[in-house]
Amino acid sequence: MKRNKLVAYSKLSISSFTILLFSLLLVSFQGMSQTVSVVLGKTDIGQNENFEITLTVKNGRLTKYSSFPDIPGFRKGRPSSSSQTSIVNGQVSTQQSITQLYQPTKQGTFKLNAFTMTVNGKSVSNPGTTIKVGAPVQRQVYDPFADFWGGGSSFGKQQQEQDFIDVKADAFYSVSTDKSSVYRGEGFRMDVSFYVSVTNRAELEFYKIDEQVTKILKQVKPRNCWEENFNIESIHPEYVTINGKSYRQYKIYEAMFYPLNSEDIVIPPTELEMIKYQVAQRQSFFGRNRKEDHQIFKSRGKTIKVKPLPDNPLKSVASVGNYRLREEISTAKLKTGESVTLEFRVEGEGNISSIREPSLKETEDLLFYPPSVSQNINRANGRVVGAKTYQYYIEPQEPGEYNLGEYIELPIFNPRTKKYEMLHPEVTIVVEGKSLRDAQISKTDLGSFYDAMRNADNSIVSMDNTNWIQIILNIFVVISIGLTIFFLVKKF
């Protein structure tokens, strides 16, 4: 497995040769076409080896590519990149490659399904393959000079007795938060990072980072919080300054947490094990000049104080966050019986998923249907922002002017201002037409029907007072019954 080295590199100054090379590149690229390929690595590997997928762009610049596929039975490592430029007979060719490493979790046969990647806006497909993972492979280093010098020679003994120096690492490991106290429901950011000074001389590498991160997160993740994970897929350095000193920050994990109750959050100390190489005291051309060692880095513990919301009648129903309201109405003028659509959009920074549904004031003048709800959340740059939208369908029953802010509202607590606020629409709708309230009551109220039955006259009425239509209908019914009886008797 290729390891990411955390070492400092100096910048190359621009020279006349660089300018000449750049000019040659511009001229040569005009006559060369870009090609993209996806190549699979060795498919019969040991459990301590890696499977590889390499994406290569020739004679072009790799600007954007989609995610590499997941493989069942493998853990995704961190991708590595390489580039190559060559000039032959004045013809310039370039090649950029991204290699994704996969570490097997167990032995067996695994299937990589066919997959498609998007590279620089174009699709590249691969039919997939079958990967066989066997027992760990025993690696041996062949020394071509061993037979020549002899195993018992003084040179061989000198190689075995090589002394190594422990170079002190100018680095530290930290589990940090951006706040030391929050209100219930207010978010705080947590990140797990490894920091290496730009002047560091020790050679460091991550050691079984996936396993270690899983163990660390079990310890530091608070259980009484809602989590919004920033989903770090690969570890890249970011330059930061701490107390006037420059560091490379390797962020391993980052998330926002929102306390669900008023219990304090205790983050315990944790450990991160790193590979640190010792350097040979006497550098040798043929011998080993470094030796692998390990060093444990420890983080400090921390407690986040969680404060209850200030006393207020809205305390138990307020949504916590820095929110504002965006409203949109389909029409401001309509008639009774017609419907109007109100979009109640709450947007800002906070736990978007926990925003409560606005409260409605019951009224016979306006008929509110249950809202349709949608939300979108954006996690980036250490912040969680987004919006939650409630779309209401309203059907007026009475003509008049209605300020919708009197019927729908959402209480919030803003932790920045430490104040309660009420979000409500400011739009007014004008309704024309006849009242539909009485018509609605007549459709559903059966009291008048039963009252009519109680007050009806049940006395026998003489045939002389009967309508002629009723007489004809009665005669028709009697004749029909008689004919039916006649045909039944005749049949049997």
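Computed from the coordinates by the stated procedures, all read-outs in this text should not be read as laboratory data. All of these numbers come straight from a predicted model, not from anything done at the bench. Glycine gets a Cβ as well: all are built from the backbone with ideal geometry, and neighbour counts include every protein chain shown.
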Pairs over 20 Å Cα to Cα, from K106/K276; K245/K305; K251/K291; K42/K251; K42/K76, come to K106/K276; K245/K305; K251/K291; K42/K251
Packing-ranked peptide list from 123-134, 195-206, highest mean Cβ count within 10 angstrom first, is 195-206, 123-134
Trypsin sites (Lys or Arg not before Pro) in segment 323-405 lying in a DSSP loop, each with at most 16 other Cβ atoms within 10 Å of its Cβ, come to R356, K361
The long-range amide H neighbours of I267, using H built 1.01 Å from N in the peptide plane and a cut-off of under 5 Å, are K302, T303, I304
Too long for a 29 Å Cα-Cα cut-off, among K215/K315; K208/K388; K179/K419; K64/K221, are K215/K315; K208/K388; K64/K221
Filtering GluC sites (Glu not before Pro) in segment 344-411 by DSSP loop and by at most 16 other Cβ atoms within 10 Å leaves E362, E364
